[in-house]
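Undergrad: This is the structure I want to talk about, given as structure tokens.
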Amino acid sequence: MYTRWLQLAALCPIMRPHSDQVVAPEPYTYPEPYKSIVRHYAHLRMELLPYLYTLAAENTLTGAPLTRAMDYYDNKSDVMQSLSVGIAAGANSDSGGDWGGASGTRNNWESIPDHQSPATKAVAEATKALIENDWDTHRKALAAQDAVPPGDQYLLGPNLLVAPVNQPGQRRRNVQLPATPGGWIDFETGQTLPDGQTVGLPAPLSRLPLLVRAGAFVPMTAYRPSTAQFRPDTLVVRYFPDWQVPAPVFTSYEDDGHSAQALARREFATLRLTGRLTANQAIITATVAGTYPGAPVRRLVRLRVARVAAAPSAVLLGGQPLTASAWQLDGSRHEISLEFPLEKQAVVTLVGLRLLTAPAAQTDPETLTLTAPDNRTFTGSVGLHYERYVPADSPAPLRIRNARGQLVRELPTETSAGTHALSWDGRDAAGRPAASGLYEVELAGQHQRLVRLPNYY
């Protein structure tokens with residue numbers, strides 16, 4: 001679970017492991033493969049710095065959180081434009097009203113946007129009422145917040161969907177995909193997933209489901225071990241084109257990384273990324289606006305275009321064809337990459353582009369999840385839990401095996417949907433006390449481990 005929590009933390013606003021005096025928080029104190037898995041996600045977080053920093057700027061300008069409820073955009077007609085509009089509004093404001101004048105802050109509780117989700121609205125209304133000492137409204141808002149169905153998956157900004165894995169031993173999980181043109185794309189594999197439904201996705205220990213909205217741009221950078229070493233003159237732009245999103249837009253924000261008043265002083269730059277897809281080509285435009293002390297005059301951009309079925313017939317930079325050696329096609333990842341210099345504007349054209357848009361196979365949702373027991377170590381009895389998402393035609397037995405794989409006990413399960421609990425009294429099928437040692441609980445191919453301790457009393 002340490003590995004799973006760090007995977008989640010890497011895709012949250014703050015990543016900071018804590019511990020008590022017994023368990024060390026540092027990843028390097030753990031053996032393989034846990035250390036390498038955590039390292040991968042720590043690197044991914046640093047590579048996402050331009051995207052995360054842009055979300056932080058949007059939070060300052062509009063109050064939008066970095067992590068967002070799944071229905072956050074339900075009432076917004078154009079998700080792909082929302083972030084760019086927010087950044088552009090701040091960049092073009094002459095009065096400083098978007099960031100509150102000299103203080104550099106904005107009172108985000110003056111109004112609650114209509115597009116916010118029920119969960120986000122409930123939190124915002126409760127906080128606003130608390131600030132205004134309106135206790136009656138505060139209590140009602142808290143009640144509304146409690147009535148919102150819980151969920152552990154969330155949006156990281158407008159373009160990424162994170163589905164944490166919270167159960168020990170879980171290697172597959174259900175993900176509810178919001179409706180969006182073109183569907184969702186696996187960030188690691190590039191596979192397309194259908195929108196507007198629940199799918200079952202593999203979740204081996206080495207990765208948690210991380211999805212990107214079809215048509216999206218995700219600004220990134222090369223890995224560096226510290227934000228102090230971030231170089232704005234070297235950027236990576238990942239683009240996930242889709243024919244159903246013919247004109248995507250994303251505006252990335254950057255400043256010197258130190259000045260708290262950068263927005264108020266208008267000392268920042270934006271990188272506007274746009275795409276234009278026609279029947280057989282994609283035109284990607286990168287435009288820089290604004291500046292700040294220490295801003296690079298010239299940037300090197302590495303563009304990575306995903307979901308490419310075959311090599312394009314031509315790749316143009318500024319209308320001029322590039323030689324075949326100036327760009328690369330990774331056939332295993334179905335990705336084209338090329339580097340180009342950027343001062344004010346650069347235009348890349350992929351002629352004869354063909355995309356892989358067929359949905360991935362074997363995405364049927366899981367019917368249940370075997371969740372963690374009350375205690376992993378026990379002497380007498382132990383509580384076992386599972387959640388069934390849809391009713392079952394017939395009950396599947398919960399099996400308990402010893403360290404040799406021998407069946408010790410079978411317990412009946414419920415067929416109705418919902419959260420269920422049962423208890424194992426620590427005895428075998430004949431009613432004899434089971435020996436101390438390691439046991440494995442199995443239900444529908446899912447496993448949890450238990451340790452029965454000797455009873456000295």
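The values are calculated or read from the model by the stated rules, or taken from the named source; none is laboratory data. Note that the coordinates shown come from a computational prediction; the quantities given were computed from them, not determined experimentally. Glycine gets a Cβ as well: all are built from the backbone with ideal geometry, and neighbour counts include every protein chain shown.
Undergrad: With a cut-off of at least 2 residues that are of a type in the set (Lys, Arg) and within 25 Å of LEU338 (Cβ to Cβ), name the strands (runs of 3 or more DSSP E) lying wholly within segment 211-281. Even if it seems obvious, please write down each step before you answer.
TA: Working: elements: 217-220, 234-239, 249-254, 268-277.
Passing ranges, in order: 268-277.
Undergrad: Please indicate, with yes or no, whether at least one residue in segment 179-194 is part of a loop (DSSP other than H, G, I, E, B) and among the acidic types (Asp, Glu).
TA: Yes, the conditions are met somewhere in segment 179-194.
Undergrad: I'd like to check something: does segment 243-251 contain any residue that is under 25 Å from LEU44 (Cβ atoms) and over 24 Å from the mean Cα position of the chain (by Cα)?
TA: First pass over segment 243-251, keeping only residues under 25 Å from LEU44 (Cβ atoms): 245, 248-251.
Okay, now just the ones that are also over 24 Å from the mean Cα position of the chain (by Cα), so none.
No, every residue in segment 243-251 fails to be under 25 Å from LEU44 (Cβ atoms) and over 24 Å from the mean Cα position of the chain (by Cα).
Undergrad: Can you tell me which residues in segment 169-187 are surrounded by 15 or more Cβ atoms within 10 Å (Cβ to Cβ) and either within 21 Å of TYR386 (Cα to Cα) or without any contact (Cβ under 8 Å) to a residue 60 or more places away in the chain (or both)?
TA: First, the residues of segment 169-187 that are surrounded by 15 or more Cβ atoms within 10 Å (Cβ to Cβ): 169-170, 172-175, 177-178, 180-187.
If the condition is that a residue be surrounded by 15 or more Cβ atoms within 10 Å (Cβ to Cβ) and either within 21 Å of TYR386 (Cα to Cα) or without any contact (Cβ under 8 Å) to a residue 60 or more places away in the chain (or both), then GLY169, GLN170, ARG172, ARG173, ASN174, VAL175, LEU177, TRP184, PHE187 are the ones that fit.
Undergrad: Right, here's the next one. Looking at the structure I just gave you, is GLY290 more than 26 Å from VAL212 (Cβ to Cβ) and outside any strand (DSSP E or B)?
TA: no
Undergrad: May I pose another question? Go through (1) of a type in the set (Val, Ile, Thr); (2) more than 21 Å from the chain's Cα centre (by Cα); (3) farther than 17 Å from THR357 by Cα; (4) modelled with pLDDT under 95 one by one and return the number of the condition THR227 breaks.
TA: Tallying (1) of a type in the set (Val, Ile, Thr); (2) more than 21 Å from the chain's Cα centre (by Cα); (3) farther than 17 Å from THR357 by Cα; (4) modelled with pLDDT under 95, THR227 fails exactly one: (2).
Undergrad: Can we say ARG354 is more than 23 Å from the chain's Cα centre (by Cα) and farther than 14 Å from ALA417 by Cβ?
TA: Yes: the conditions hold for ARG354.
Undergrad: Pairs, please: C-beta under 7 Å, at least 6 apart or cross-chain, first residue more than 10 Å from GLU440 (Cα to Cα) and in segment 398-410, second of a type in the set (Gly, Ala, Ser) and assigned to a strand (DSSP E or B)?
TA: Once the first residue is more than 10 Å from GLU440 (Cα to Cα) and sits in segment 398-410, no partner that is of a type in the set (Gly, Ala, Ser) and assigned to a strand (DSSP E or B) comes close enough.
Undergrad: Let me ask you something else. Just to be sure before I move on: is VAL199 part of a strand (DSSP E or B), modelled with pLDDT of 95 or more and at negative phi in the structure I sent?
TA: On the way: part of a strand (DSSP E or B): yes; modelled with pLDDT of 95 or more: no; at negative phi: yes.
No.
Undergrad: For segment 354-377, indicate whether the set of residues that are at pLDDT 95 or above and assigned to a strand (DSSP E or B) is non-empty.
TA: no
Undergrad: Moving to a separate point now. Wholly within segment 297-353, which strands (runs of 3 or more DSSP E) include no fewer than the required count, namely at least 1 residues that are charged (D, E, K, R) and under 30 Å from ASP256 (Cα atoms)?
TA: Passing ranges, in order: 299-305, 335-342.
For (1) on the phi > 0 side of the Ramachandran plot; (2) of a type in the set (Gly, Ala, Ser); (3) in contact with a Phe, Trp or Tyr (Cβ under 8 Å, 6 or more places away or on another chain), each residue gets a yes or a no:
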position: GLN170; (1), (2), (3): no, no, no
position: ALA216; (1), (2), (3): no, yes, yes
position: ALA228; (1), (2), (3): no, yes, no
position: TRP243; (1), (2), (3): no, no, no
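Undergrad: Still on this structure: Would it be correct to say that ALA286 is of a type outside the set (Lys, Arg) and over 29 Å from the mean Cα position of the chain (by Cα)?
TA: Here the answer is no, as ALA286 does not meet what is asked.
Undergrad: Inspect segment 144-153 for any residue being modelled with pLDDT of 85 or more, under 19 Å from the mean Cα position of the chain (by Cα) and closer than 25 Å to ALA358 by Cβ and give the result as yes or no.
TA: yes
Undergrad: May I pose another question? If I filter segment 385-413 down to residues being touching a strand residue (DSSP E or B) at 6+ places or on another chain (Cβ under 7 Å), in a loop (DSSP other than H, G, I, E, B) and surrounded by fewer than 16 Cβ atoms within 10 Å (Cβ to Cβ), which single residue comes out as modelled with the lowest pLDDT?
TA: TYR389
Undergrad: Please work out which one of (1) within 30 Å of LEU300 (Cβ to Cβ); (2) of a type outside the set (Val, Ile, Thr); (3) in contact with a Gly (Cβ under 8 Å, 6 or more places away or on another chain) is the condition ASP425 fails and give its number.
TA: (1)
Undergrad: Looking at (1) of a type in the set (S, T, N, Q); (2) under 20 Å from LEU317 (Cα atoms); (3) modelled with pLDDT of 95 or more, which is the only condition THR278 fails?
TA: Here THR278 clears every test but (3).
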